[in-house]
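Take a look at the structure below.
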Amino acid sequence: MPSRETPAIILSVKDYGEADRLVTFLTPERGRLTGVAKHARKSQKRFAHCLEPLSRVVLFLSERPRRDMEFLEKGEAVRSFPALRRDLVRLGAGAILGALAAEMASPPEATAGVFSALEIALTLLDEGAPPESLLPGFLLHLIKLGGYGLSLNRCQACGQEPQPPIVVSLPQGGVLCGACAKGAPMARIASSITGSRGPRRVIVESALQGSRDRDLRLRRRRWRRRARQRLARQQLLPVCRVMDESGGDHRILHQVRRD
């Protein structure tokens, strides 16, 4: 049976059976697919360097009538995005975009756009684009391609440019200005907006500020833990020296020094 060639971005790879791998990948024509790569854990030729998650590859598929999964004959690596893999933050941003792209590629008319957007985002991350500025924009773009985009330029009730405080209305698919949102049980994005910032920028900045606040709390928590450890060592070291001289329990001494 002739094989079918398709561009793909690898989303996830799992061991399957004794020698196979279960591969989930994104294609521009059929969206998210899952296939079995027979003997991929042992073969060094048919799938060389092309089953790494977030890799851009070309896969050769065999038709499997009345089967839920594809059969992967072989694959060829196109781009592995090496710089992306050396940075944990960039890799995390790529993983988030890949997971969202897999969910947004369900409508047939959206698959090509979602595939192209994910490939562009991975390329930009690999070339050094800052994840904190790239991620929010591409998340909004992928959501819009999947049919869930929010209208951020006009109030969904009065049609005018939204005035603060801006509120997001998921049932209405966009933002509402403060006057139209009174009494509505909705999540408030920003309580005040000054200057010429638009709703899209406000939402992105709010998400980034929340991320910065979480990072600050984590740093403070680590600093307090280290301070407690230093204080404990300062108080216990004189006791340890006495125990060393008197032949005390060395297991306690080793544990204290390790901490």
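Here Lys182 is the anchor, and the lysines within straight C-alpha reach of less than 28 Å, apart from those fewer than 8 places off in the same chain, are Lys144.
The HN-Hα couplings worked out from phi for the stretch 72-82 by the Karplus form 6.51 cos²θ - 1.76 cosθ + 1.60 (θ = phi - 60°) are 8, 7, 6, x, 10, 6, 10, 8, 9, 6, x Hz, whole numbers, x standing for Gly and Pro.
Please work out whether the stretch 3-80 counts as rounded, prolate or oblate from its C-alpha gyration tensor, where a ≥ b ≥ c are the square roots of the eigenvalues and a/c under 1.5 means rounded, while otherwise a/b larger than b/c means prolate and anything else oblate? The partial results should precede the final answer.
On the way: a/c = 1.41, a/b = 1.03, b/c = 1.37.
Rounded, because the longest to shortest axis ratio a/c is under 1.5.
Bridging of Lys38 to lysines at a Cα separation below 25 Å is possible for Lys14, Lys74, once same-chain residues fewer than 8 apart are set aside.
Amide H contacts under 5 Å for Ser169: Gly174, Val175, Leu176, restricted to partners 5 or more places along the chain or on a different chain, H placed in the peptide plane at 1.01 Å from N.
Backbone phi angles across the stretch 121-134, fed through the Karplus curve with coefficients 6.51, -1.76 and 1.60 (θ = phi - 60°), yield HN-Hα couplings of 5, 5, 5, 5, 5, 5, 8, x, 5, x, x, 5, 9, 7 Hz in residue order; Gly and Pro are listed as x. Close amide H contacts of Ser55 (hydrogens built in the peptide plane, cut-off under 5 Å, sequence separation of 5 or more or a different chain): Ile10.
Here, each number is a calculation from the coordinates, and none is a lab measurement. Keep in mind that what you see is a predicted model, and the values were worked out from it rather than measured.
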